[in-house]
Amino acid sequence: MGEEIAFGILAAGAIGFGTATVLFKSPLRAAVALIGSLLSVAGLFLMLAAPFVAVIQIIVYASAIVVMFLFVIAYLGDRPVEYSQDRLAPLAAFGWLAVIVLVAMASVVIGSSKLPGFRDRPEDVGDIGSAQAIGRAFLDHYIVPFEAASLVLLVAALAAVLLARRAIQGEQGR
Amino acid sequence: MSEPVWVQIVKAIIIFFVVITVFAYLVLIERRTLGRFQARPGPNRAGPAGFWQPLADVIKLIFKEDFVPKTADRFIYTIAPVIAVAAAVTGIALIPFGDPITIGGTEIKLVGADIGVGLLLLFALSGIGFYGLILGGWASGSKYSTLGSARTAAQLVSYEVAMGLSVVGVIVLSQSLNLTEIVDAQRETVWYVLFQPVGFLIFLIAMVAEVNRAPFDLPEAEGELVAGYHTEYGGLKFAMFQTAEYINLLVVSALAATLFLGGFAGPWMSGVWWLALKMAVLIFGFIWLRATMPRLRYDQLMKFGWKVLLPIATLNLLVTIIVVGVAFQNS
């Protein structure tokens, strides 16, 4: 029972803060709401017996990345969003129609699903969420995709540096 | 979670009160010691040797007006100090301070929360605690506060990386992220400061930056920014920022002692006293540093973090991994 309550709180937090992130007009408040959402998701990871992923979620997303957002907001100023001419406004009815259809479809699917573990308690999968298990998985079984991902990230970082450099040189040339 | 709930609650209360008391007297000790360094007595009027000074400070701060600036974002301005204190106090709970003891048939671990990924969680908490500073400075609606919080954000990102890399060496040696296991691993070998002297040095430097103390106290440089992120704060909210800062100092020095100096392990005395002794030596070093070193310039701080500390930390880690790997193959 306690687990269901905790899940309810965390899930509601994730959705509520996520919605607030999109709806707040002040970028600063939106960033704070984003922290709340990311922390709720970290809590959900913890409930899934994945403490390592939960803590990494906090370190990487909830602290490092949002700090970068705040840093940018600090330099650009906390200006509230201005509403521009919304060209899609006449089509809003279709958007709501899509929402209604989605809710209807989701309730039918959830009501009739026969997926294993959907209604009954899931089976115990053993230790897959600890730091040791994840490390072993990365360096044993999934080493090629893991290294490929780090290569892709390295290329992306180098490209970002190069682009920024060109922009700086362009400014000085003016 | 083998301990009954009441044991955990009692433990939490004891740890909390001990930490708050230590914090109060840490401030007094720092002011007195700084006074001696600067050839003046320091606060010595309230009680013998200034013994009642913390109490007097608290009473004064309680009776201050609870002021919110007109330009402030009221909600964030109010919760920011709470975030800072909550993260700092939670961090203390992860530090082990002794071997398990048995009282009335119940085995009690002498640590607030024995968590498998405790070391990582401490880093996560320090990241969350920084939000108190950043958001507080931002929500104050003052230019000095905003500059202070922008500096905090930049400094956090720069030094957290080097700090993390310096700690990975210890993780590689002890094969664990659990602080109690790291202490036990050092009991079997030697203090990791002997294996990781460079890592220890980097950790010490980065940790001064992490707790915003001189010579890295750029976020609150009084010569340029009045008081940085807490310029607009007064009364108990200001006191909460101070609490967070000093408890963070306790947490990081306890962490340094645990990771590199054998933590609570030691002969003759019980674990608490060993840990307290090691922390006291480290904290005295920090006070000494504050009294001795002038503040860095901001660009020096960033250059030092990215161009000196980070490459050395990376190199140190690389060498450690290679040596440990070779040693494992031979054994």
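Table for the structure above
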| item | result |
| --- | --- |
| Over chain B, relative contact order from alpha-carbon pairs under 8 Å, at least 6 apart, % | 22 percent |
| Charge-dipole axis of the protein assembly as shown as Lys and Arg at +1 and Asp and Glu at -1 on Cβ define it, positive-most pick from B:Val323, A:Ser113, B:Met302 | B:Met302 |
| Sequence of B:Phe328, A:Phe69 once ranked by neighbouring C-beta atoms within 10 Å, starting from the fewest | B:Phe328, A:Phe69 |
| Relative packing of peptides B:170-176, A:18-24 - highest average C-beta neighbours within 10 Å first | B:170-176, A:18-24 |
| Nearby aspartates and glutamates by direct alpha-carbon distance to B:Lys70 (threshold 18 angstrom, same-chain neighbours under 8 apart not counted) | A:Asp78, B:Glu232 |
| Given charges at beta-carbon only (K, R positive; D, E negative), |dipole| of region B:5-330 in Debye | 820 debye |
| Order by protection proxy (mean Cβ within 10 Å, highest first), peptides B:201-214, B:232-245 | B:201-214, B:232-245 |
| Residue order, fewest to most surrounding Cβ atoms within 10 angstrom, among A:Lys114, B:Lys64 | A:Lys114, B:Lys64 |
| Karplus (6.51, -1.76, 1.60) ³J(HN,Hα), θ = phi - 60°, over region B:76-93, in Hz, Gly and Pro reported as x | 5, 4, 7, 7, 4, x, 5, 4, 4, 5, 4, 5, 5, 5, 4, x, 4, 5 |
| Formal net charge of residues neighbouring A:Val67 (Cβ-Cβ distance under 15 Å; K, R +1; D, E -1) | -1 |
| Built amide H within the under 5 Å cut-off of B:Asp217, gap 5+ | B:Leu296 |
| Ranked A:Lys25, B:Lys70, criterion: other C-beta atoms within 10 Å, fewest first | B:Lys70, A:Lys25 |
| Against the rule of thumb 2.2 N^0.38 Å, how large the Cα Rg of region A:7-82 comes out | 1.16 |
| Förster radius 51 Å - calculated FRET efficiency between B:Lys307 and B:Val272 (Cβ-Cβ, nearest 0.05) | 0.80 |
| Table column - 3J(HN,Hα) (Hz), region A:38-43, Karplus curve with 6.51, -1.76, 1.60, x for Gly and Pro | 5, 5, 4, 5, 4, x |
| For region B:5-330, alpha-carbon Rg relative to the globular expectation (2.2 N^0.38 Å, N residues) | 1.02 |
| For chain A: rounded, prolate or oblate by the Cα gyration tensor [a/c cutoff 1.5] | oblate |
| Shape category assigned to region B:164-253 from the gyration tensor of Cα positions, a/c cut at 1.5 | prolate |
| Spin-label model distance (nm) - B:Val324 vs A:Ala49, 7 Å beyond Cα toward Cβ | 2.7 nm |
| Rounded tilt (10° steps) of B:179-188 against the dominant C-alpha axis of chain B | 50 degrees |
| Shielding score for B:124-137, defined as the mean number of other chain Cβ atoms within 10 Å | 4 |
| Sorted peptide list for B:12-23, B:310-321, criterion being average Cβ within 10 angstrom, highest first | B:310-321, B:12-23 |
| For B:Ile108, residues with placed amide H under 5 Å, excluding near neighbours | B:Ile101, B:Thr102, B:Ile103 |
| Tensor-based shape of the protein assembly as shown (alpha-carbon gyration tensor, a/c under 1.5 rounded, otherwise prolate or oblate) | rounded |
| Peptide B:234-242 - average C-beta neighbours from other chains (10 Å radius) | 0 |
| Cross-link pairs B:Lys143/B:Lys303; A:Lys25/B:Lys143; B:Lys11/B:Lys278; B:Lys64/B:Lys278; B:Lys109/B:Lys278 - those with Cα-Cα distance over 27 Å | B:Lys64/B:Lys278 |
| Leading residue at positive end of dipole, chain B (Cβ point charges), from B:Ile115, B:Ile9, B:Asn212 | B:Asn212 |
| Net charge over other residues, Cβ less than 13 angstrom from the Cβ of B:Glu210 (K, R count +1; D, E count -1) | -2 |
| For region B:130-146, Karplus couplings with θ = phi - 60° (6.51, -1.76, 1.60), whole Hz, Gly/Pro x | 4, 4, x, 5, 5, 5, x, x, 5, 6, 5, x, 10, 5, 4, 5, 4 |
| Sum of -39500 (n - 2.57) over DSSP H runs of 4+, divided by residues of chain B (222 nm, nearest 500) | -22500 deg cm²/dmol |
| Residue-averaged beta-carbon neighbours from other chains (10 angstrom radius) around A:23-36 | 2 |
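A short reminder: the numbers here are calculations on the coordinates, not readings from a lab. Just so we're clear, the structure is a prediction, and the values are computed from it rather than from any experiment. Don't worry about glycine lacking a Cβ; one is built from the backbone with ideal geometry, like all the others, and counts go over all protein chains shown.
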